[in-house]
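The values are calculated or read from the model by the stated rules, or taken from the named source; none is laboratory data. Computed from a predicted structure; not experimentally measured. All Cβ positions, even for glycine, are placed from backbone atoms using ideal geometry, and neighbour counts span all protein chains on display. For the accessible areas, the whole protein counts, side chains as well, though only heavy atoms, and no ligand, DNA or RNA atoms are used. Shrake-Rupley method; radii C 1.70, N 1.55, O 1.52, S 1.80 Å.
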Amino acid sequence: MDKLTGYWQTFFAEQLEQDYMKNLSAFLREQKQQGQIVYPASDNIFNAFEWTPLEQVKVVIIGQDPYHGLGQAHGLSFSVPPGVDKPPSLKNIFKELNRDLGVEAPVHGCLESWAKRGVMMLNSVLTVPDGMAGGHQKKGWEQFTNAALQAINEHCEHVVFLSWGRFAHGVCEQIDRSKHLVVKTSHPSPLGASKVGKDFAAFMGSGCFSQANRWLMEQQIAPVNWQID
């Protein structure tokens, strides 16, 4: 949290004083005391906030919880550090990015360059026990990240929320669509990438990246450079 700037400093100070965060911190300490391996490493948990100041947010990508395999999670939804194999969902994200904007997939799966250009990649739950997807749900993280989304909703003027999958659809219900854009698609995982719903498109073929940029330009905001360093 040492790298937090601007509004996020105030936000963290307020949230850390609340009982739910104190209880969450105690739970995480207890997990580690019991020998449970937790991802990501403690100094990476809040990377989404450290690398994307609220004042710079253009796009928010909602995830559910971190990858639960060794070395995968590093605080950005869908991203993995360089040198780690790309998970299937991320491979599909790169396929759609290439189809949509002609951006070539990088050799790695690290999306840090997006984060530093105003794309906030935020999981609803920020920690996970080794090998147990969803293992830290309903421990307090959801309250924290919902408050963060509400801060973006209230304090930012024009933000695109890329809402991939039913979980993200539910999380984005609070977003004020009179000033923000919510792009709803299926999840990019192989099981869901081609599914179509009554109120959402299939992720593959959605053109969600170009949709986001067109809308930002309509609001007189510079589009996102989706090229990955």
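Values for this structure:
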{"item": "Qualifying GluC sites (Glu not before Pro) in the stretch 120-229, DSSP loop, other Cβ atoms within 10 Å at most 12", "result": "Glu157"}
{"item": "Label point distance in nm, Leu16-Lys179, each placed 7 Å from Cα along Cα→Cβ", "result": "2.8"}
{"item": "Alpha carbon centroid spacing (whole Å) that separates the stretch 115-164 from the stretch 44-81", "result": "8"}
{"item": "By average C-beta atoms within 10 angstrom, highest first, the peptides 180-186, 37-43", "result": "180-186, 37-43"}
{"item": "Computed over the chain: relative contact order in percent, which uses C-alpha pairs under 8 Å that are six or more apart", "result": "22"}
{"item": "Lysine pair count for the chain [Cα-Cα under 20 Å; pairs on different chains or 8 or more apart]", "result": "17"}
{"item": "Ratio Rg/Rh, restricted to the stretch 16-124 and using Cα atoms, in which Rh is the Kirkwood radius", "result": "1.02"}
{"item": "Carbon and sulfur %, accessible surface of the stretch 8-54 computed with the full protein complex present, 1.4 Å", "result": "45"}
{"item": "Signed unit charges on C-beta, dipole axis of the chain, positive-most listed residue Ile175, Gly6, Asn92", "result": "Asn92"}
